[in-house]
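The values are calculated or read from the model by the stated rules, or taken from the named source; none is laboratory data. Note that this is a predicted model, so its numbers are computed, not measured. Cβ placement follows ideal geometry from the backbone for every residue including glycine, while neighbour counts extend to all protein chains displayed. Accessible surface areas use protein heavy atoms only, side chains included; no ligands, DNA or RNA. Shrake-Rupley method; radii C 1.70, N 1.55, O 1.52, S 1.80 Å.
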Amino acid sequence: MINPEEIGKWSEVSDEDAKKVFEQRRDRSARGEREVSQMVFSQHRGSAGGTQPHHGGLSFDDLAKERNLNLSDVDLA
């Protein structure tokens, strides 16, 4: 059982243990914690009063492919 008292306890972590975990998870942190991408549209294609453009339910990645955009075209990192 996990309760607030257990979660709030301090633990000692050695440098060796921290380095070991970092090495195990290195691939997760290679690009940083966040990935930010953007696409620019020349005109709003949403509903008259809406703020979200309508793209037929396409995901961001599918929309980028449809527009022949590569990761380097939309990546802000």
* Asked: Quick check: is even one residue across region 34-53 modelled with pLDDT of 85 or more and either open to solvent by 60 Å² or more (accessible area, probe 1.4 Å) or closer than 30 Å to PHE22 by Cβ (or both)?
  -> yes
* May I ask you to list the residues in region 7-32 that are at pLDDT below 85, open to solvent by 100 Å² or more (accessible area, probe 1.4 Å) and assigned to a loop (DSSP other than H, G, I, E, B)? => LYS9, TRP10, ARG25, ARG31
* Structure fact -> Among (1) open to solvent by less than 80 Å² (accessible area, probe 1.4 Å); (2) at pLDDT 85 or above; (3) closer than 30 Å to PHE22 by Cβ, LEU63 falls short only on (3)
